[in-house]
Amino acid sequence: MATNTTSSYLNRKTPGVYITEIQPFGASIIGVATAIPVFIGYTEFASDPVSGAALYNTPVALSSMADFTTYFGGAAAQPYAVAPAPATATPAFGAEYTDVNPDPDGVPFMVKSIGFSLTPVAPSSRFNLFWQMRLFFANGGGQCYVVSVGSYWVNQSPVAAPDPVPETWLTGAIRAGDPDSTSPIPGLLVGLKAAGQIVGPTMTVIPEACQLGQNDYAAVVQAMLAQAGTLQDRMAILDLPGALEGATVADLQAAQANLWTAIAPQVANFSYGCVYAPALNATVVTTDDVLFTRLRAAPPADNRVINNILTTQAYADYAGAQLGSVQAAIAAAFPLTAVGVSDNTAQYSGDASAYPPPTAQTPATLAQWRQTLTTLLNGALPVFAQIQGLIAADMNIAPPSAALAGLWTTNDAQTGIWNAPANVAVAAIADPLCPITDAQQGGFNLPLNGQAIDIVRYQPNRGSVVWGARTLDGNSGDYRYIQVRRTLIYIEQSIKTGLGAYVFAANENSTWVAVTTAISNFLTGLWQQGGLLGDKASDAFTVACGLGSTMTGQDILDGKMKVAVTVQMIHPAEFITLNFTQTMGS
């Protein structure tokens with residue numbers, strides 16, 4: 001506790017005993033937080049849970065997945081389309097069933113087999129931030145910020161979850177500030193600008209950027225690198241363009257070339273960015289997350305195909321009252337509305353009134369009804385459970401950026417920011433989307449231009465391991481490694497924050513001594529933890545501040561106090577060479 005002793009003494013007018021505490025050690029420097037990402041993307045809604053006020057383009061501090069759902073809701077209802085398998089194809093699942101009563105329009109109401117194909121609708125506009133947050137927390141993530149740039153639903157800015165059935169979601173249209181806009185770029189860039197207004201984040205992550213076209217992707221990643229280089233307090237964790245489609249090494253090499261083209265104008269800020277690849281086969285999406293609404297056709301289409309597939313298996317597996325119950329569930333989930341099939345509805349589709357939706361259709365009651373109906377179909381029809389599994393597997397293909405943000409958090413807590421966030425297994429994933437060998441990784445880890453891509457590789461008995469720790473400035477002797485850049489950011493920002501106490505202090509010897517002492521104490525603590533290289537503290541760093549050493553007389557007249565700090569950074573043992581020599585015994 002500090003007080004102004006002079007003014008306190010002069011203001012004393014009443015006899016008595018007065019206590020004045022004098023600060024003996026001066027201001028100290030405390031290390032800033034090192035692992036606080038800011039995520040930017042689209043959410044179900046963005047609202048204050050207390051006031052209901054909208055929170056779009058507003059950084060919100062979170063520390064758990066429960067916090068995220070409270071402020072931003074759940075996942076987008078990504079729809080999937082089911083089509084019959086070609087007549088020559090082998091049925092994918094289940095038994096065959098031949099329709100003996102074709103529809104009057106000549107189109108068989110029952111498909112000949114339960115074979116089918118499954119494709120996502122408009123996969124380029126799927127929203128993945130919700131699932132990325134699950135990956136972040138599964139990998140040790142904690143405190144973070146989230147900036148929502150818009151809702152999944154067009155022309156809406158909801159403060160409560162709207163009805164999320166696919167019929168109410170116009171595929172491909174994205175709310176991005178302008179209700180009539182269909183481009184995600186304005187929203188992401190506005191959200192990035194908002195993220196740059198706050199102090200605290202040390203990483204910037206935009207997982208949905210990898211799904212953009214080349215020009216739009218370039219606009220976003222260039223802005224991320226430029227902001228990080230300007231603020232000098234964070235790094236940008238990037239995904240490759242088209243990351244979700246990178247299933248082969250050739251795909252990754254093509255994406256690598258596109259990355260180099262996209263980031264070329266930001267060469268001055270390469271040390272503030274890093275890229276991870278390939279995409280990951282995550283396990284955060286389960287069949288419990290795949291409701292029947294993902295397969296329900298939006299008008300004017302009908303549900304004939306999925307209804308036929310499920311009814312085919314129902315006829316193969318059930319009879320009598322059991323068949324009627326399953327048919328009713330199918331009819332409730334996938335009603336037939338197209339002209340020409342109503343005459344078969346009673347016979348094949350069942351009576352949907354057996355499973356009516358709730359009368360009071362609040363988000364909670366609708367969610368419960370959908371979950372109940374989905375659970376019933378899952379238990380009764382193996383083909384439905386298999387379709388759920390296929391959808392979950394497709395939705396689990398995830399860009400790696402959020403998982404790595406979580407691993408950076410874990411690394412800092414367990415071993416310190418000065419250690420490489422590598423040689424650790426990624427949690428909540430099955431394996432990388434693309435397996436890579438040693439020979440293939442060389443072109444990503446050590447490209448001629450130094451713009452390295454850090455690879456996640458599967459290793460027997462270890463799982464999927466991060467096998468790289470380089471920035472995009474791989475040819476630099478100073479900023480080649482992620483932990484070196486991050487440690488420098490940590491040192492710079494900690495000292496900058498600590499020296500705020502000396503702004504407007506007298507620019508004379510006592511202040512210079514206090515400043516050098518504070519910085520030296522901070523760096524000594526860092527060296528003792530293993531964060532700086534050197535047998536003794538004087539080998540690890542030097543600090544200088546004073547007239548004749550760092551300042552001239554003119555600097556003092558101009559109100560400038562200059563401090564010179566040098567540090568000996570730790571570099572990783574990236575390449576370990578073992579030399580063996582055989583000798584002959586006598």
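Where a number appears in this text, it was derived from the coordinates with a stated rule and is not lab data. In this text, all values refer to a predicted model and were calculated from it rather than measured experimentally. Because the Cβ atoms are built from the backbone with ideal geometry, glycine has one as well, and the counts that use them run over all protein chains shown.
The dipole here belongs to the stretch 505-586: it is taken about the Cα centre, uses +1 on the Cβ of Lys and Arg and -1 on the Cβ of Asp and Glu, and is about 40 debye. Taking the average, over residues, of other Cβ atoms within 10 Å as the packing measure, peptides 403-409, 323-329 rank 403-409, 323-329 from highest down. Taking 11 Å as the cut-off, the amide N atoms of the stretch 275-295 that come nearer than this to a point 7 Å along the Cα-to-beta-carbon line of Tyr458 belong to 281. The 3J(HN,Hα) values that the Karplus relation (6.51, -1.76, 1.60; θ = phi - 60°) gives for the stretch 223-235 are, in residue order, 5, 5, 5, 4, 5, 4, x, 6, 6, 6, 10, 7, 10 Hz. Gly and Pro appear as x. Fewest-first ordering of Tyr458, Tyr481, Tyr80, Tyr18 by other beta carbons within 10 Å of each residue's beta carbon gives Tyr18, Tyr458, Tyr80, Tyr481. Multiplying the residue separation of Thr230 and Gln322 by 0.36 nm and subtracting their alpha-carbon distance yields 26.5 nm. Rounded to the nearest 0.05, the FRET efficiency derived from the C-beta distance between Ser63 and Thr583 at R0 = 56 Å is 0.40. Amide H contacts of Ile397: Ala282, each under 5 Å away and 5 or more positions distant or on a separate chain (H built 1.01 Å from N in the peptide plane; Pro and chain starts excluded). Of Met551, Met133, the sequence from fewest to most neighbouring Cβ atoms within 10 angstrom is Met551, Met133. Annotation for the stretch 396-463 versus the stretch 542-558: alpha-carbon center distance of 45 Å. Listed from fewest to most Cβ neighbours within 10 Å, the set Ile556, Ile387 follows the order Ile556, Ile387. Enumerate the lysines that Lys496 could reach by cross-link, defined here as Cα to Cα under 28 Å, with residues fewer than 8 away along the same chain left out. Leaving aside lysines fewer than 8 places away in the same chain, those within reach of Lys496 are Lys193, Lys536, Lys560, Lys562.
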